[in-house]
Amino acid sequence: FARVYTPVVTMLAVLIVVLPWIWSLIDPGFTYLFNDWLYRGLVFLVISCPCALVISIPLGYFGGIGAASRQGILFKGSNYLDAITRINTIVLDKTGTVTRGVFKVQDIIPVEGFLKEELLRVVATVETQSNHPIAKAIVSSVFKDTISFPEPVNVKEVAGQGMEAELDGKKILVGDMKMLDANNVGYPPQVADIPETTVMCAIDGKYAGYIVVADELKNDAKMAVEELRKSGIKDIVMLSGDKQAIVSKLAVKLGIDQAYGDLLPEGKVQRFEALSNNPNNRVSFVGDGINDAPVLAMSEVGIAMGGLGSDVAIETADVVIQTDQLIKIPMAIRIGKATRQIVIQNITMAFAVKFIVLILGAGGLATLWEAVFADVGVSLLAILNAIRIMRKKF
């Protein structure tokens, strides 16, 4: 802007002084007073200083970022504060985003001839190597003073499926049905009909049982979905690696139209790409886990839950909800729109006042007092308007 604006207004100020002198050489009846036209050129130059724009626009965005941070919303730049106002589609991860991500063990179902305590010990020992909320829930359910945790070896985490390790010389698989299917381990077909989240276990290629865990819906989830629709979000989609039955049930409760379960990380990416490829969609993704990082990076505005969220998700995201409250997302959109409105007001005011006073200055009707007001005065008004966002309630 400065590369174009500065030479143009400087040249116009010079022309205000020079052109009347040239005209006086052509028209003898025209009286040219150098001091008068120099004064007009200087007035024009003072008026044209873009202080109001240079100061008030960044200050408007800084004010918006500050207002958001007071609410526990971290924007990593003013471009994201602006971009969030254009979002019309939001994709939500389930665990840790829509739900609290605090799982509790509900039941332990081993195969015949296998003790509950032994199944829990094996699964919990392997899950000590994982940071997943489900893994933490299983580990925390074990009384460590009665059950010891030997160190598993050759531990491998399979994205979207579970954990693989060796324990006491045996190969242990801990995860969902996809984990067992991928390793050709047979299991009772009725397990697939269980609506809750199940963590299945296989020892040396043989099915050993499963553990039922349950997650709780966040208290503000339903209200957040309603507020998102009021904010102009036309499509809300939920993606999850959990069973489709769990995801569909949750979607009905929240009033979400599209919900897809049984997704591996690459499945989430494919679903997200299908939405993003629509030129009418401006898509934001909200997630908290390591598996969400690729989709967060692809989205126009990636939003991470900062409380329980993984470091990778927080680092990748453009916006971080530090309190993990879903209701903060529509608030972030409102703050972005309020900031944009104030910035547009400042631009309009600065250009309107300067344009009027520039014409008056070029015609000799404006003095240096009006020029100073058009420069410093408008800057002060724009600054006061910009910091107004800090006092707004969202």
Of the peptides 20-30, 160-170, how do they stack up when ordered by the mean number of other Cβ atoms within 10 Å, highest first?
160-170, 20-30
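Run the helix sum for the chain: -39,500 (n - 2.57) per DSSP H stretch of 4+ residues, divided by residue count, reported at 222 nm to the nearest 500 deg cm²/dmol.
Numbers: 15 runs with 187 residues, N = 394.
The per-residue figure over the chain is -15000 deg cm²/dmol.
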ASP107 long-range amide H proximity, modeled H, under 5 Å
VAL212
Tilt relative to the chain, helix 378-387 - C-alpha long axis, 0 to 90 degrees, to 10:
20
Just to check I understand the Karplus step: with θ = phi - 60° and J = 6.51 cos²θ - 1.76 cosθ + 1.60, what whole-Hz values come out for segment 218-229, glycine and proline as x?
5, 4, 9, 4, 5, 5, 5, 4, 5, 5, 5, 5
Return the loop-located trypsin sites (Lys or Arg not before Pro) in segment 218-300 (DSSP other than H, G, I, E, B) with at most 16 other Cβ atoms within 10 Å of their own Cβ; answer none if there are none.
LYS234
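For the pairs LYS104/LYS268; LYS243/LYS328; LYS94/LYS136; LYS76/LYS230; LYS156/LYS249; LYS218/LYS392, flag any whose C-alpha to C-alpha distance is greater than 20 Å.
Values: LYS104/LYS268 25 Å; LYS243/LYS328 27 Å; LYS94/LYS136 17 Å; LYS76/LYS230 25 Å; LYS156/LYS249 32 Å; LYS218/LYS392 27 Å.
Where the Cα-Cα span goes over 20 Å, the pairs concerned are LYS104/LYS268; LYS243/LYS328; LYS76/LYS230; LYS156/LYS249; LYS218/LYS392.
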For segment 49-65, Karplus-derived ³J(HN,Hα) couplings (6.51, -1.76, 1.60; θ = phi - 60°; whole Hz; x for glycine and proline) come out as 4, x, 4, 4, 6, 4, 8, 6, 5, x, 5, x, 6, 4, x, x, 5
The set of residues whose placed amide H lies less than 5 Å from the amide H of VAL91, leaving out same-chain residues fewer than 5 positions away, is VAL237, SER284, PHE285, VAL286
Solvent-accessible area per residue for segment 227-295 at a 1.4 Å probe radius, Å²?
45
Gaussian network model of the chain, springs between alpha carbon atoms under 10 Å - residue of ILE57, ILE359, ILE194 with greatest fluctuation
ILE359
For the chain: relative contact order, % (alpha-carbon pairs under 8 angstrom, 6 or more apart)
25
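With contacts defined as alpha carbon pairs under 8 Å and 6 or more residues apart, what's the relative contact order of segment 161-318 in percent? Working shown, then result.
On the way: 230 pairs, mean separation 19.2, N = 158.
The value is 12 percent.
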Taking H placed 1.01 Å from N in the peptide plane, check which residues at least 5 places from ALA208 or on another chain put their amide H under 5 Å from its amide H.
CYS201, ALA202, ILE203
Phi angles of segment 75-86, converted by Karplus (6.51 cos²θ - 1.76 cosθ + 1.60, θ = phi - 60°) into ³J(HN,Hα) in whole Hz with x for Gly and Pro, give 8, 8, x, 5, 5, 6, 5, 6, 5, 5, 6, 9
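In segment 77-169, which trypsin sites (Lys or Arg not before Pro) fall in coil by DSSP and have 16 or fewer other Cβ atoms within 10 Å? Before the final figure, lay out the partial values.
Details: sites: ARG86, LYS94, ARG100, LYS104, LYS116, ARG121, LYS136, LYS144, LYS156; in loops: ARG100, LYS144.
Sparse-neighbourhood loop trypsin sites (Lys or Arg not before Pro): LYS144.
Rolling a 1.4 angstrom probe over the protein heavy atoms, how many square angstrom per residue are accessible across segment 59-217?
Details: 7380 Å² over 159 residues.
That works out to 46 Å² per residue.
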Starting from the Cα of ASP311, step 7 Å along the direction of its Cβ; do the same at GLN258; then give the gap between the two resulting points in nm.
3.5
Carbon + sulfur, % of accessible area of the chain - ligands and nucleic acids excluded, 1.4 Å
60
Among ALA135, ALA13, ALA67, the residue with the largest mean-square fluctuation in a Gaussian network model of the chain built from Cα contacts under 10 Å is ALA13
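Hey, what did segment 296-366 get for relative contact order, percent, Cα under 8 Å, at least 6 apart?
Across segment 296-366, relative contact order equals 20 percent.
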With Cα coordinates, the longest principal axis of the chain makes an angle with the long axis of helix 34-48, in degrees rounded to 10, of 10
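The values are calculated or read from the model by the stated rules, or taken from the named source; none is laboratory data. A quick note: this is a predicted structure, and the numbers were derived from the prediction, not measured. Positions of Cβ are generated from backbone atoms using ideal geometry, with glycine treated the same way; all protein chains shown enter the neighbour counts. Each accessible area value is taken on the protein alone, full model and side chains, heavy atoms only, with ligands, DNA and RNA left out. Shrake-Rupley method; radii C 1.70, N 1.55, O 1.52, S 1.80 Å.
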